[in-house]
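Peer 1: Input: one structure, supplied below.
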């Protein structure tokens, strides 16, 4: 059975959220970061979770259970690529594949992680889709780890899986939550439950 890890990106400043700390903004009464972790921890497909922290590391760490591994990206200002590389470095030697989980896509249900894991073949990056739109989290096999580790910090992470030369498998998952992208306070829903 494949050893799968999840790297949660929660290191950025989240400037468009104003004076609020994005990972700690409440979603249905619970900090967004904890909503994401609840889904991940419910999945036996995910063997290990690493949360990459940065700008608001102390505030976020104070909300996390001791069972969650954290790593600090001291160069968080360099962006998501740098943060993913920081998290990936802690798991790349032993994991067979990694879910890339931005904190602002927190509602992905457990069944999506299981579906992606179920089609992993080690040769293609597995990307969920909803109504033909790509979403999160991509599941990245070990063979691509070094390509991500070698990306310059100013190059977006999707440069690897959007490269026409990169083999990908698109998997329809039936969940609109893979398209979540909470960047401003108005994006964050408050009135319904997952």
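Taken together, the values in this text are just the output of simple stated rules run on the coordinates, not laboratory data. Fair warning: this is a prediction, and the values are worked out from it, not measured in the lab. Here the Cβ is made from the backbone with ideal geometry for all residues, glycine too, and neighbour counts use every protein chain on show.
Peer 1: Using a basic spin-label model with each label point 7 Å from the Cα along Cα→Cβ, how many nm lie between residue 132 and residue 147?
Peer 2: Inter-label distance under the simple model: 2.4 nm.
Peer 1: Something else: Mean separation of Cα pairs under 8 Å and 6+ residues apart, divided by the residue count of the chain: what relative contact order is that in percent?
Peer 2: Relative contact order for the chain comes out at 26 percent.
Peer 1: Moving to a separate point now. Based on the inverse mean of 1/r over its pairs of different Cα atoms, what is the Kirkwood hydrodynamic radius of the chain, in Å? All intermediate terms of the calculation are to be shown ahead of the outcome.
Peer 2: Working: mean 1/r = 0.0602 Å⁻¹.
Taking the inverse mean of 1/r over all distinct Cα pairs, the chain comes out at 16.6 Å.
Peer 1: Given springs between every Cα pair under 10 Å in a Gaussian network model of the chain, which of 181, 104, 163 has the largest fluctuation?
Peer 2: Most flexible of the set in this elastic network: 163.
Peer 1: Also: Just 58, 95, 175 to compare: in a GNM of the chain, with alpha carbon springs under 10 Å, which one fluctuates most?
Peer 2: Its mean-square fluctuation being the largest, the pick is 58.
Peer 1: For a quick check, take a GNM of the chain with Cα springs below 10 Å and name the residue from 35, 91, 119 with the largest mean-square fluctuation.
Peer 2: Of 35, 91, 119, the most mobile in the Gaussian network model is 119.
Peer 1: Still on this structure, please answer the following. Just want the ordering: 149, 25, from fewest to most Cβ atoms lying within 10 Å of their own Cβ.
Peer 2: Fewest-to-most ranking of 149, 25: 149, 25.
Peer 1: Hey, another quick one. For every helix of n ≥ 4 consecutive DSSP H residues, a contribution of -39,500 (n - 2.57) applies; sum these over the chain, divide by its total residues, and give [θ] at 222 nm rounded to the nearest 500 deg cm²/dmol.
Peer 2: Theoretical 222 nm ellipticity from helices: -6000 deg cm²/dmol.
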